[in-house]
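Notes follow the structure.
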Amino acid sequence: MSKTIKIIFKIIKILTIVTGILFVIYFWNLDQKLMAWAYTQVNKIFDRKKADIKF
């Protein structure tokens, strides 16, 4: 009986930690900030290349 209670508490602890991490990411918009950084990095790479567009 006590082994299952320990497992349940471990699962609750893990779920609480995951929920807290996801809330921090949501609250500070860290996902959008990361995507904005990645977008500028990709644009820096592709802006260096010569573009020869012919229609």
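By how many degrees, between 0 and 90 and to the nearest 10, does the Cα long axis of helix 2-27 differ from the longest principal axis of the chain? Approximately 30 degrees, to the nearest 10.
Heavy atoms of the protein chains alone define the surface here; on that basis the chain has 108 Å² accessible area per residue at 1.4 Å probe size.
In the chain, the portion of solvent-accessible area held by carbon and sulfur atoms comes to 72 percent [1.4 Å probe, whole percent, DNA, RNA and ligands not counted]. Measuring only protein heavy atoms, the 1.4 Å probe finds V24 accessible over about 60 Å². Remark: the K50-W28 segment gains 4.2 nm on full extension, using 0.36 nm per residue and subtracting the alpha carbon distance.
Looking at segment 2-55, the trypsin sites (Lys or Arg not before Pro) that sit in a DSSP loop and have at most 16 other Cβ atoms within 10 Å of their own Cβ are R48, K49, K50, K54. Axis angle, to the nearest 10 degrees, between helix 30-47 and the longest C-alpha principal axis of the chain: 30 degrees.
The values are calculated or read from the model by the stated rules, or taken from the named source; none is laboratory data. This one's a predicted model, so the numbers in the text were calculated from it and none came from an experiment. All Cβ positions, even for glycine, are placed from backbone atoms using ideal geometry, and neighbour counts span all protein chains on display. Heads up: the accessible areas ignore ligands, DNA and RNA and are worked out on the full protein's heavy atoms, side chains in. Shrake-Rupley method; radii C 1.70, N 1.55, O 1.52, S 1.80 Å.
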